[in-house]
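S.K.: Take a look at this one; I'll ask things after.
The values are calculated or read from the model by the stated rules, or taken from the named source; none is laboratory data. All figures in this text were calculated on a predicted structure; none of them were measured in a lab. FYI the Cβ positions are ideal-geometry reconstructions off the backbone, even for glycines, and counts take in every protein chain you see. With ligands, DNA and RNA removed, areas are computed over all heavy atoms of the protein, side chains included. Shrake-Rupley method; radii C 1.70, N 1.55, O 1.52, S 1.80 Å.
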Amino acid sequence: MKLWGYLKGKRMEIALIVLITGIFFVTILLYQLPLQAVVYPSLLSGSVLLIAETAGYFRSLRRQEEIETSLHSVRPLPAAVTPVEETCFSIIEELRQQVQDTVSAVETERRDTESYYTLWIHQIKTPIAAMHLLLDDKDTPEALRLKRELFSIEQYVEMVLAYLRTGAETTDFVFRRCDLDAMLRQSIRKFSLEFISRRIALDYVPVEKCLITDEKWFCFVVDQILSNALKYTPSGSVTVRLEGNTLRITDTGIGIEAEDLPRIFEKGYTGFNGRMDKKASGLGLYLAKRVCGRLNIEIRAESRRNEGSTLSLIFPDQTVMLE
């Protein structure tokens, strides 16, 4: 509590003292009494009043500390509270309980939602696997188109699962020494049908490096980058290169608007390209950014409209090593 705040709280008492003192001195002047007879008692009374108010100020400081401690902990309220303070404490406690109940209800709803979607994901994987078996030995144009659509469904399912897991309190990250080429080939292989059917060239040279990371989540990040690169590249190529400790995935697609570039990692932000593609969710790069944070990888984007885009994954020095 500031001294000025304390004095403001005592302004009525101070005004009353000033008024009484003024009346006292006016009376002395009217009756022409000797000032010496009242100067010393006045000084003594003023000194006593100053000492009393100083002590009151420090008592108020201690009381404020006790109240603040009680409000921010489970300690009981200070003894001898005034009726007004008791009413304030009751209101604060009721509001705090309401906040706790709301937080508990929201957390329960979040867990229920997570459980529902987790169950839904595992259930939807069964018909997806069945459709893969039905289409596996068919090479007709219709079958190839169905395979591409089925692959898109699988990606959306994986995105939902990643969204739930990245927001969970516990994670399944397992860091170990991983072959970078094996992980990149794993992701590239997933999109092989897209590369072939759309005649998009792949420029990839094996990097012959290892990386300390989580294989599943690293592949998820690469999947999202490749998915975006193919989605917005009508023709041309996708290049995968390791330069020092930076993995660059470059496409020759339509690029990203300059005003959209700083926001492409925001949740739900689709930008100009996403508004053109009505199916864009704005979650792929957002999730990639979150996962990169968990993997201690920096992700950056560079792009020019109609000239393509480059997504860079920058690894810490100590995580990249020779095989």
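S.K.: If every alpha-carbon in segment 106-237 counts as one equal scatterer, what log10 I(q)/I(0) does Debye give at q = 0.09, 0.11 1/Å?
M.R.: Log-scaled intensity ratios, in q order: -0.34, -0.51.
S.K.: Work out from phi, with θ = phi - 60° and the Karplus expression 6.51 cos²θ - 1.76 cosθ + 1.60, the ³J(HN,Hα) of each residue of segment 116-133, listed in order in whole Hz, and give x for Gly and Pro.
M.R.: Karplus-based 3J(HN,Hα) across segment 116-133 equals 5, 5, 4, 5, 4, 4, 5, 6, 5, 5, 5, x, 5, 4, 5, 5, 4, 5 Hz.
S.K.: Which FRET efficiency, nearest 0.05, do A258 and I128 yield, Cβ-Cβ r, R0 35 Å?
M.R.: Taking R0 as 35 Å, the efficiency between A258 and I128 is 0.35.
S.K.: Same structure, new question: About the Cα centre, and with charges only on the beta carbon of Lys, Arg (+1) and Asp, Glu (-1), how big is the dipole of segment 90-208? Nearest 20 debye, please. Could you put the intermediate results ahead of the total?
M.R.: Values: 16 positive and 21 negative charges, 115 e Å.
Charge dipole, segment 90-208, about its Cα centre: 560 debye, nearest 20.
S.K.: Still on this structure, I have one more. Can you spot the aspartates and glutamates whose alpha carbon is less than 14 Å from K231's alpha carbon? Ignore those fewer than 8 places along the same chain.
M.R.: E149, E194, D223, D251, D277
S.K.: Between D172 and T113, how high is the FRET efficiency from 1/(1 + (r/R0)^6) when r is the Cβ-Cβ distance and R₀ = 22 Å? Nearest 0.05.
M.R.: 0.70
S.K.: Turning to a different aspect of this structure: Per-residue accessible area for S235 at 1.4 Å probe radius, Å² rounded to 10?
M.R.: The value for S235 is about 80 Å².
S.K.: Rounded to whole Hz and in sequence order, give me ³J(HN,Hα) for segment 262-270 from the Karplus expression 6.51 cos²θ - 1.76 cosθ + 1.60, θ = phi - 60°, writing x for Gly and Pro.
M.R.: x, 10, 5, 8, 7, 5, x, 7, 10
S.K.: Which whole-Hz couplings ³J(HN,Hα) result when phi for each residue of segment 252-260 is put into the Karplus expression 6.51 cos²θ - 1.76 cosθ + 1.60, θ = phi - 60°, listed in order with x for Gly and Pro?
M.R.: In residue order, the calculated couplings are 10, x, 7, x, 10, 4, 4, 6, 8 Hz.
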